Each structure stands twice: as structure tokens, then as C-alpha cells.
Amino acid sequence: MPVEFLGIAATNDGSETTPRSGAAFDKDYTLRLARAHEEHGWDRVLFAYGSGSPDPAPAAAYIASRLDRLQILLAHRPNVSYPTFAAKTFATLDQISDGRLTVHFITGGNDHEQGREGDTLTKDERYSRTREYIRIVKKIWTTHEPFDHEGEHYRFHDFVSDVFPVQQPRPGVSFGGSSPAAHAAGGAEADVYCLWGEPLARTAEQIEQVKAAARAAGRADVPRIQVAFRPIIAPTEELAWEKAHRTVGAIRELGAAGLKRRHRSGAPENTGSQRLIAIAEQGERYDRALWTPTAAATGGAGNSNALVGTPETVARALLDYYDLGVDILSARGYDLLGDAIDFGRHVIPLVREEVARRDAERAAREDAERAAQRDTERAARGDAERAEGQGQAGAREPAGGQGRTRAVVGA
């Protein structure tokens with residue numbers, strides 16, 4: 001199956017290791033970073049959402065109008081706008097981008113962060129709202145006649161949009177989370193299900209839970225799986241590990257200076273971050289290249305587990321996840337621009353080449369198996385035809401013999 005790469009569409013040069021050098025929305029940097037992704041083999045970039053951050057939708061429209069190939073993953077929280085308004089916004093952006101939009105719906109895993117914009121629902125209520133929201137948006141995208149909606153969270157009457165997506169029947173829907181409620185919601189509604197990078201065994205468990213949720217929702221298909229990492233690469237293993245330890249030091253130093261994103265202290269509320277912290281407490285290194293101190297240093301904040309090593313090591317580690325059924329690989333370095341270029345130059349081609357080789361081998365095996373099956377079927381038909389011919393000959397032979405016997409007796 002094909003493999004895709006998702007990067008980050010940051011609106012400034014700040015990261016967990018470096019304070020931003022300018023405004024929250026740096027138009028020139030935003031375009032430079034997006035162009036670096038397009039020119040170095042990435043498929044799409046994520047425009048993330050934060051309560052006080054620049055609005056990702058117009059930033060995405062800005063990039064879409066200036067780049068020709070790069071696809072867009074737009075993060076959206078249902079609490080910030082009514083679904084009728086959001087559906088029109090998304091459809092307009094799909095028009096601007098000539099059909100390059102996917103929407104990532106965020107339920108929200110932190111009550112304090114949600115409350116900054118007036119969202120007071122409980123976590124379970126938020127999941128219920130998100131499911132209803134996604135269904136409404138999908139219907140607006142695909143319905144050309146006015147309709148009413150009377151739901152638990154939204155009510156409106158006689159609505160029909162006058163703007164529709166380029167993509168038919170609709171743009172893709174992306175969703176993420178690690179709790180049973182998230183699996184249920186995303187398993188039912190998502191085209192792409194997003195996970196944070198965890199050890200292979202735990203990732204495999206979550207993939208099976210998402211698939212089970214999709215089946216429980218009555219789906220004949222299952223969501224595609226995306227997994228996110230923070231790659232730390234260098235020409236040698238030794239240099240990569242030195243870089244990794246410098247990175248963690250910078251994360252801690254920046255946190256000590258009070259420059260982390262403003263969140264309430266204490267244990268995280270969302271299951272995904274809780275899982276990352278638990279994994280970090282159980283060990284620093286897993287599988288081929290997974291390293292957890294970056295997650296521990298940020299308190300399990302978002303995509304924070306690293307893959308450390310040479311480009312060859314990191315590529316092989318990504319292929320391990322591909323072998324589990326992951327076909328969208330999300331990666332974001334700490335030097336956003338430089339790491340996007342290095343990863344695109346040195347890692348993406350290795351993964352694509354190996355995936356293409358495996359796909360060619362698989363196609364050859366399948367062709368050989370089909371050819372063998374056809375040969376078997378032809379042989380079986382030939383055996384059946386010969387057996388039928390022999391049976392007909394045998395049926396005629398006794399009748400002829402009896403005639404000759406009577407002739408002899410008569411003589």
C-alpha cells in the first residue's frame with residue numbers, strides 16, 4: 001500500500017527547544033516552511049489548533065493559494081463554531097486548494113484549554129458533540145436540498161449550503177485519541193485515525209481497538225492509521241544520540257525559563273498523554289529507535305516521543321510501523337525548517353523506496369498466485385472433461401458388446 005508523510009505547518013519558528021523569533025503569525029516563515037515540505041517529498045502538513053494561536057483556517061488558505069501540490073490537514077475544534085458555518089468554511093478551503101483538504105476534528109482532552117474559549121462540557125459530552133458535529137458536516141458537504149436537524153447538541157432548520165467541496169463525495173475526516181470513547185467516535189466516523197508514537201506492541205493494540213470500534217459501528221471498511229513521531233537524525237548513531245540529549249536539555253531549559261505553553265500544572269487529563277508518561281516511566285528506549293525522554297520532559301504533551309538514529313535507522317523504525325498497517329507517518333523535528341528539509345532529503349526517500357520494493361514483490365507474488373490458481377483451475381477442468389469423456393465412452397461400450405453377443409448366439 002502507498003505510504004504518506006505528514007509534516008507541520010507552523011506559523012512561526014518557535015518549538016519546545018527554541019523561543020519564536022517574531023510574531024505568532026509570521027507570514028513569510030509560514031510560507032517558507034510549507035514550501036520546504038512541498039519541495040522535499042512531504043505529502044501534507046498539519047495546521048494545528050490552540051486556543052490563543054493564529055486561526056489555522058485562513059493560514060491554510062494562504063498556503064493553499066501559493067503552493068500547487070502540498071495537501072492540507074486542518075485541525076478544528078467543534079466548540080469554536082456552529083457546524084453549518086464550519087462546513088462552508090471547509091468547502092471554501094477545499095475550493096481554494098483544488099481539493100487538497102482533510103479536516104482533523106479535535107474533541108479536546110484538557111478542560112482548562114477548552115474552557116479558555118467557553119467550552120464547559122465534560123469529556124464524554126464533548127465526544128458526543130464531536131460525533132454529531134462530524135455527521136452534520138458530512139451531510140452538508142453532500143446534500144443539495146434543504147434539511148432540518150434536531151440533535152442533542154445542535155438544532156437548525158431548512159439549511160442548505162451553496163458551496164461544495166471539490167473532492168467527491170467529500171473531503172477526508174481525520175480524528176485522534178487513545179481512550180475507549182475516542183476509539184468509538186473515530187472508529188465510527190473517521191477516514192484517518194491518528195495515534196501518537198508508542199512502542200510497536202502498544203500501537204498494534206490500539207490499531208486493533210480502532211478496527212473493532214469501526215466494526216462495532218457497522219462499517220465495512222476501517223480508518224487508515226496515522227502515527228506521529230519527533231525524529232532526531234544525524235549522520236552517525238553517536239551524533240544522533242548526542243543530538244537527542246542536547247534536545248532534551250533544551251526542552252528542560254526552556255521549560256525552566258517559563259516559556260512552555262500555558263497549561264495548568266499536574267497530571268494530564270487526556271488518555272494519550274497519560275499513556276506517553278507511563279511508557280516513559282517504564283523505560284527510555286523501545287524497539288529499534290523509540291526514545292521517551294522527550295515526552296517525559298514535556299509532560300506527555302502531544303506528539304513527543306522521538307525516533308533517534310541515522311536516517312537508515314529511523315527509516316527502518318518507520319517501516320516497522322508500516323508493517324503494522326500504518327500508512328501515514330507524521331514527523332516533526334525541533335528545528336522545524338531545517339529538520340523538515342533533512343527528513344525529506346534523507347529519510348522519506350529510503351522509506352518510499354523500500355515500500356515500493358515491497359509493493360512490487362507483493363504484486364509479483366499475487367500475480368504468481370493468481371497464475372497458479374488459473375493453472376490449477378484449468379487442470380481441474382481438463383481432468384473433469386477427460387473423466388466425462390471416459391464416462392460417456394464407458395456407457396456406450398456395454399451396449400455394443402451386448403449386440404455382438406446376440407449376433408453370435410443367433411448364428
Worksheet entry | Elements of type helices (runs of 4 or more DSSP H) in region 64-170, at least 3 residues being open to solvent by less than 20 Å² (accessible area, probe 1.4 Å) and under 25 Å from Ala9 (Cβ atoms) | 83-96, 123-142
Worksheet item: Is there any pair with a first residue in region 147-160 that is farther than 13 Å from Ile134 by Cα and acidic (Asp, Glu) and a second that is assigned to a loop (DSSP other than H, G, I, E, B) and open to solvent by 40 Å² or more (accessible area, probe 1.4 Å) whose Cβ atoms are under 8 Å apart and which are 6 or more apart or on different chains, and what are they?
Response: Asp158/Pro146
Item to complete: Within region 313-327, identify whether any single residue is touching a Phe, Trp or Tyr at 6+ places or on another chain (Cβ under 9 Å), of a type in the set (Gly, Ala, Ser) and touching a residue at least 12 places away in the same chain (Cβ under 8 Å), and answer yes or no.
Response: yes
Item to complete: Return a yes/no flag: does region 349-362 have any residue that is in a loop (DSSP other than H, G, I, E, B) and surrounded by 10 or more Cβ atoms within 10 Å (Cβ to Cβ).
Response: no
Worksheet item: If you take the residues of region 216-268 that are part of a helix (DSSP H, G or I), open to solvent by 80 Å² or more (accessible area, probe 1.4 Å) and of a type in the set (Gly, Ala, Ser), which of them is modelled with the highest pLDDT?
Response: Ala216
Practice prompt. Return yes or no: is Thr120 touching a residue at least 60 places away in the same chain (Cβ under 8 Å) and hydroxyl-bearing (Ser, Thr, Tyr)?
Written response: no
Item to complete: Please verify whether region 296-316 includes one or more residues that are farther than 19 Å from Thr203 by Cβ, aliphatic (A, V, I, L, M) and either under 17 Å from the mean Cα position of the chain (by Cα) or open to solvent by less than 30 Å² (accessible area, probe 1.4 Å) (or both).
Response: yes
Discussion item. I want to confirm something. Restricting to region 28-63 and keeping residues that are under 21 Å from the mean Cα position of the chain (by Cα) and either on the phi > 0 side of the Ramachandran plot or hydroxyl-bearing (Ser, Thr, Tyr) (or both), which single residue is least open to solvent (accessible area, probe 1.4 Å)?
Written reply: Gly41
Discussion item. As an exercise: evaluate Asp375 against (1) modelled with pLDDT under 95; (2) open to solvent by less than 50 Å² (accessible area, probe 1.4 Å); (3) not hydrophobic (A, V, I, L, M, F, W, C) and give the number of the one condition it does not meet.
Written reply: (2)
Item to complete: Take region 175-230 and flag every residue that is closer than 30 Å to Pro293 by Cβ and among the acidic types (Asp, Glu).
Response: Glu198, Glu205, Glu208
Discussion item. Looking at Gly108, Gly177, Gly151 in this structure, which one is over 29 Å from Ile328 (Cα atoms), of a type in the set (Gly, Ala, Ser) and in contact with a helix residue (DSSP H, G or I) (Cβ under 8 Å, 6 or more places away or on another chain)?
Written reply: Gly151
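The values are calculated or read from the model by the stated rules, or taken from the named source; none is laboratory data. Predicted model, so just to flag it, every value in this text is computed and none were measured. All Cβ positions, even for glycine, are placed from backbone atoms using ideal geometry, and neighbour counts span all protein chains on display. Just so you know, the surface numbers come from the protein's heavy atoms only, side chains and all, with ligands and any DNA or RNA stripped out. Shrake-Rupley method; radii C 1.70, N 1.55, O 1.52, S 1.80 Å.
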